[in-house]
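The values are calculated or read from the model by the stated rules, or taken from the named source; none is laboratory data. Quick caveat: nothing in here was measured; it's all calculated off a predicted structure. Please note: Cβ atoms are built from the backbone with ideal geometry, for glycine as well, and neighbour counts cover all protein chains shown. Please note that ligands, DNA and RNA were not included when accessible areas were found on the heavy atoms of the full protein model with its side chains. Shrake-Rupley method; radii C 1.70, N 1.55, O 1.52, S 1.80 Å.
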Amino acid sequence: MVHAPDAALADAITADGKGGTLAAEPEFRASTECLGKPLAALLLTDPTASGEKATYVLAAGVAGPDAAHLTQTACRTAGSKTAAEDLAKAVRDRLRTGRTATAVPWSDLLTQTKVDVVTGSGSTHAVRLTATSQKSPRLVLDMTRNRDLSSLFASP
């Protein structure tokens, strides 16, 4: 499902990637490849980016066979493999010892975490976090909207 203010924008977002769509943009393509096939997803660009090209894309999605068995996934693109590896290390450190903006330890929200670097088509790199949560079936989506995910994936 796509939410857009008009049909033309929805078409641009969901087209097949053969020109003039978000799917044709390497950062968006890499983030969606990283997510896989979620039941629901959100994609955001770098809020500090100027101009038309995003410096990174942050994506969050939830997948699984039913509400009791969901995997929370978040991905952020990086400009190079080295940048992705540095970011992955920072995310691991934050998950282990950091807290959200409301002072909740990350380890209380996300369990069974795994952070890895993935290479998508076109040699784009992304950092992927997969986890489970007993708190909410849509935790990473909520974290995206309240900017907690942005702080977890902030550049080191």
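Selection of first residues in the stretch 77-104 that are within 12 Å of Phe153 (Cα to Cα) and at pLDDT below 95 and of second residues that are in a helix (DSSP H, G or I) and of a type in the set (D, E, K, R), restricted to Cβ pairs under 6 Å at least 6 apart or on distinct chains, gives the following pairs, ordered by first then second residue: Thr77/Glu27; Thr100/Asp148.
A count restricted to the stretch 104-132 and to residues that are more than 18 Å from Tyr56 (Cβ to Cβ) and open to solvent by 20 Å² or more (accessible area, probe 1.4 Å) stands at 11.
The C-beta contact set for the stretch 132-146 (first residue within 12 Å of Leu70 (Cα to Cα) and modelled with pLDDT under 90, second residue assigned to a loop (DSSP other than H, G, I, E, B) and open to solvent by less than 90 Å² (accessible area, probe 1.4 Å), distance under 6 angstrom, 6+ apart or interchain) comprises Ser133/Leu110; Pro137/Ala67; Pro137/Leu70; Leu139/Ser133.
Please determine whether any residue of the stretch 44-57 is buried (at least 19 other Cβ atoms within 10 Å of the Cβ), modelled with pLDDT of 85 or more and not in a strand (DSSP E or B). Within the stretch 44-57, none of the residues are buried (at least 19 other Cβ atoms within 10 Å of the Cβ), modelled with pLDDT of 85 or more and not in a strand (DSSP E or B).
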